[in-house]
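K.L.:
Got a structure here, written out as structure tokens. Questions coming.
None of the figures in this text is laboratory data; all of them are computed from the coordinates on show. Since this is a predicted model, take the numbers as computed values, not measurements. Every residue, glycine as well, gets a Cβ built from its backbone with ideal geometry; the counts of neighbours run over all protein chains shown.
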Amino acid sequence: MRIVFVDTNFWLLPFEKGLDVLGQLERLSEDEPIVYGISVPVKSELEAMARGPVNAKRTRPAKAALRVIEQMVSSARARLFPYDGPADGSLITLALQNNAWVATNDRALKFRLKEKKIKVVLLRDEHKLDFG
């Protein structure tokens with residue numbers, strides 16, 4: 001089983017760009033079953049975005065992402081991972097502890113992950129996910 005931690009920006013991609021992020025992550029796993037890791041700080045970032053003004057650019061995508069996360073957690077396709085600290089730190093620490101991949105579009109985080117030899121999934125060409 002492969003754990004993939006998904007950063008806040010990746011949870012928004014399906015609703016901002018119409019991408020099948022989960023399907024593409026499963027393609028990258030080459031038939032190895034995936035459990036999606038959601039760190040509590042990432043979920044908190046989405047909750048803060050969802051509380052934003054109705055006309056804010058990311059309010060609706062964040063609400064939609066939270067609904068998907070709830071469904072995935074209740075069906076055991078995803079797990080919440082507690083962590084006391086910032087979202088980026090949670091992704092690094094939890095990925096190291098679980099020999100997991102991280103899906104992110106955050107450039108600075110990508111470099112930190114690569115320094116720790118953590119496999120990173122990125123958005124390429126605005127429509128395709130691949131390893132970075």
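K.L.:
May I ask you to list the aspartates and glutamates whose Cα is less than 19 Å away from that of residue 117, ignoring any residue fewer than eight positions away on the same chain?
P.N.:
By straight Cα distance, residue 117 reaches 7, 88, 106, 130.
K.L.:
Would you list 122, 80, 113 from fewest to most Cβ contacts within 10 Å?
P.N.:
The fewest-first ordering by Cβ neighbours comes to 80, 122, 113.
K.L.:
Here's something else I'd like to know. Less than 18 Å apart at the alpha-carbon level, and either on another chain or at least 8 residues along: which lysines does that give for residue 128?
P.N.:
Candidates past the 8-residue exclusion: 17, 110, 119.
K.L.:
Could you check how many percent of all C-alpha pairs in the chain are farther apart than 24 Å?
P.N.:
21 percent
K.L.:
I need the calculated FRET efficiency for the pair residue 77 and residue 131, taking r as the beta carbon distance and R₀ as 25 Å, to the nearest 0.05.
P.N.:
That gives a FRET efficiency of 0.70.
K.L.:
In segment 64-130, what trypsin sites (Lys or Arg not before Pro) fall in a loop by DSSP, with at most 13 other Cβ atoms inside 10 Å?
P.N.:
116, 117
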